[in-house]
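A.B. asks: My structure is below; once you've seen it, I'll send some questions.
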Amino acid sequence: MESALLGFGVKLIRTMTDMIPATLQSNPSFLSQSNRSLTTEQLFKTKSHVFSNDELSLSDVVSFLRVALNILVESVTDVMTRTQKSSNANIEAVAECFERMSDMLDHLGVLVNHNLLPAIQKHSPTSKTGLTTHERQELIGTALKLKTMSMFLVLALESPKDDVVSWHRILRVDFEYRDKTFDSNARKQMDSLLSLMDVNMAAIVDTHKMKNKTLRNAFTFGAMTPYWFQRQKSRARASWGHSIADVHMAQHAWNVPCSGVIPRVMSMVTLPSIKTHHIFHVPCSHPLRANDDSAKKVSIPVRLLCGQKMPFSSNCVVLHLHGGGFIAMNTFSHQSYTRRWAIALGNVPVFSVDYRKAPQCPYPAALDDCFSVYMWILANAESTFGCRPDRIVVVGDSAGGNLAACVTLRAILENVKVPNGCLLAYPVLHLDLKYTPSYLQAVDDRMLPYSLLLVCLEAYAPPDKTERSNCLLSPLLAPTEVLSRFPPTRIMVGDHDPFHDDCVRFAYRLFTETAHKNVLLRVHEGVNHGFLSLAMKGIGVKVFGLAVDQAGKYLNELLGREGAEMVQCGAEEEVEEVAVEVEEGDFDGNVAPVVEQTNS
C-alpha cells in the first residue's frame with residue numbers, strides 16, 4: 001500500500017509540473033512574463049527538491065501540494081485582477097485560459113480526491129504512510145481547496161461576457177467611493193484579531209463533539225490556553241476546522257461572544273453606556289406561507305436601544321437586522337456598533353431583531369420574523385414608545401444585509417409602506433452561489449472561508465436550488481419592475497470580501513434601474529468581511545470605528561436628518577447601564593423564552 005500511495009504522489013507531482021507551466025504560458029498577455037517565469041521556476045525548484053531525496057515520502061507530496069496550490073490561487077487571482085483592470089481584455093483569450101486551468105484542476109482533483117486521499121484516509125497516523133496527523137489534515141484541506149478552485153473555474157466559463165464585475169467594463173462609476181483608511185497599523189491589529197479567531201476555532205475543533213453546552217463552553221475556553229502560546233499550531237488547526245466544519249461547529253464558533261460569562265464581561269468592558277436598553281416581544285403575524293401555523297406561535301425578541309429615555313419624541317426609526325450566516329449570533333453580539341449608532345442618533349430608537357436561526361428554522365422563518373417586526377413598528381411604535389415611524393430605515397450586515405434588502409423587497413411586493421432608506425453592510429445578495437472573482441478571496445479566507453459560507457447557505461436556503469432565484473432569497477435577482485421602486489441605498493463592503501462583486505452588481509443595478517439614483521457604494525480597500533463588528537473597544541481594530549461612525553452618518557442621511565448633530569460615543573458618562581440577562585438558549589433558532597422588559 002505504501003508503494004501504491006507513493007505512486008499516486010509521484011504521478012500527481014509530475015502531472016502538476018507538466019500542466020501548470022504549460023497552462024500559465026498559454027495565459028493572455030496581461031499575465032506578466034515575470035510572473036509566469038517566477039511561477040514556473042518555483043514549481044520546478046520544488047519538484048527538484050522533492051525528487052532529490054533518496055526516498056520520496058508522502059510528507060514530500062504534501063509539501064509539494066502546498067506550493068502548487070498557492071501557485072494556482074495566485075495565478076488565477078492574477079488573471080482576474082488584470083482582467084478587471086483592463087478595459088479591452090480579450091474575452092476569448094481569458095475564456096481559453098479558464099478552460100485550460102479548469103481541465104488541469106479537474107485532472108488534479110481526480111488524482112487527489114479519488115486516488116491519493118481515499119488511500120491515505122484508510123490509514124491511521126501511525127501507519128507507514130509517513131504522514132503525521134497534521135500532514136494528513138493539511139492534505140485533506142488542500143484537496144478540498146483544489147475541488148473548490150476547480151468548481152470556480154468551471155462556473156467562470158458561464159459568466160456573461162458583459163458582466164459588470166467579471167470583465168469590469170465600467171472602470172469608474174459614479175456611485176462608488178473608495179475608503180483608504182485601512183493602513184499598516186490597522187492591518188497589524190487585524191492580524192492579531194485573526195490570530196485570536198484561529199485560537200477560538202482551534203479550540204472548538206477539539207471540543208465541538210461534546211453534547212453538554214455548559215461543559216463544551218467550559219472546555220473550549222480551557223482548550224484555548226495552549227493554542228494561545230502556539231499560534232502556528234492554532235492556525236493549522238483552525239484551517240483544518242474550516243475544512244471539516246458543519247453547521248453545529250459553525251454555530252459553536254460564532255456564538256462564543258454570546259456564551260457563558262462573555263456577555264457580562266462585554267457589557268462591563270467593551271460596550272458604551274446607553275440610556276434606553278429594552279427587550280420586548282412581537283408576534284410573528286406575517287408569515288410568507290399563509291398555511292404556516294407554527295410561525296404564528298412564535299414570539300420574536302426585539303432589543304430596543306436609544307440615546308434618550310422613553311417615550312421618544314421622534315418621527316424616525318431604525319430597524320437593525322444582525323448578521324451571523326443565518327445560523328448564529330444575536331442582537332447582543334452586535335451591540336459594539338448598534339449602541340454607538342443609538343447614542344449618535346440621539347432620540348431615534350434602534351430596534352434590533354432576534355430572528356429565528358437555521359437549520360432549525362430555515363427560510364422563510366428569519367424573513368417572516370423581520371418583516372413581522374417591521375409591520376409591527378409601522379402599526380404600534382407610536383402608541384407603545386411614542387415614536388412615529390414617518391421615516392424608517394432598514395439596516396443589516398452580512399446575512400442581516402440580505403434580510404434588510406428582502407424586507408424592503410417584500411414591502412414593495414405587498415404594497416405596504418416601503419422603507420425610506422436601506423443601509424447594507426457586506427450583504428449576502430445571491431444565495432445560488434454563481435462564480436464571481438471575489439469568491440476567490442474565500443478559498444483560504446480566515447474570516448469567512450468558502451467551506452463555512454456553503455454551510456450557512458445550505459442551512460438556510462431551500463434544498464431545491466431553483467427556488468434560490470426568488471428575489472426574497474437573492475435580492476440581486478429582483479426583476480426590474482420591483483427593483484426600480486427600491487429606496488435610496490448605501491452599501492459598505494471591503495474589497496477583500498467574498499461578497500464584494502455582488503455588492504458592485506447590486507449597486508450598479510440600483511443606480512441604473514431606479515429613477516432617484518440615490519445610491520452609494522463605499523468600498524473599504526484592504527478590508528475583509530465583518531468589519532463593523534470588529535470595532536470592539538480594547539480588542540478590535542480602531543480604524544473600523546470610523547466605518548461605524550460613517551454608517552451612522554449614512555443613517556442620518558437616509559432618515560432625512562443630514563443636519564442633525566451626531567452625539568459622540570462616550571459623551572453620556574453619567575448614564576446608568578441597564579443590565580439585561582442574555583442566555584445562549586435564546587438564540588439557538590427556536591422560539592425564545594420571555595425576557596423581562598427593562599428600561600432606565
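The values are calculated or read from the model by the stated rules, or taken from the named source; none is laboratory data. Computed from a predicted model, the values in this text were never measured in an experiment. When we count neighbours, we look across all protein chains shown, and the Cβ atoms used for this are built from the backbone with ideal geometry, even at glycine. The protein model used for the area step is the full one, side chains on, heavy atoms only, and it has no ligands, DNA or RNA in it. Shrake-Rupley method; radii C 1.70, N 1.55, O 1.52, S 1.80 Å.
A.B. asks: Compute the label zone of E414 within the stretch 295-309: residues whose backbone N is under 14 Å from the point 7 Å along Cα-to-Cβ.
C.D. replies: 295-296
A.B. asks: Taking a label point 7 Å from the Cα of S469 along the Cα→Cβ vector, which residues of the stretch 400-434 have an amide N closer than 18 Å to it?
C.D. replies: 429-434
A.B. asks: Taking the Cβ-Cβ separation of S313 and A379 as r and a Förster radius of 22 Å, what is the calculated FRET efficiency to the nearest 0.05?
C.D. replies: The computed FRET efficiency comes out at 0.65.
A.B. asks: Taking all protein chains together and a probe of 1.4 Å, list T220, T384 from the most accessible to the least accessible.
C.D. replies: Output order, biggest surface exposure first: T384, T220.
A.B. asks: Also, quick follow-up: Please compare each pair in K211/K357; K434/K465; K213/K296; K233/K537; K309/K357 to a cut-off of 23 Å on the Cα-Cα distance and tell me which ones are over it.
C.D. replies: K213/K296; K233/K537; K309/K357
A.B. asks: What's the FRET efficiency of H248 with A515 using the Cβ-Cβ distance as r and R₀ = 51 Å, to the nearest 0.05?
C.D. replies: For H248 and A515, the calculated efficiency is 0.65.
A.B. asks: Continuing with this model, one more query. Once a ≥ b ≥ c are taken as the square roots of the eigenvalues of the Cα gyration tensor of the stretch 326-480, is the result rounded (a/c under 1.5), prolate (a/b larger than b/c) or oblate (a/b not larger than b/c)? Mind dumping the intermediate values first?
C.D. replies: Details: a/c = 1.97, a/b = 1.50, b/c = 1.32.
Since a/c reaches 1.5 and a/b is larger than b/c, the shape of the stretch 326-480 is classed as prolate.
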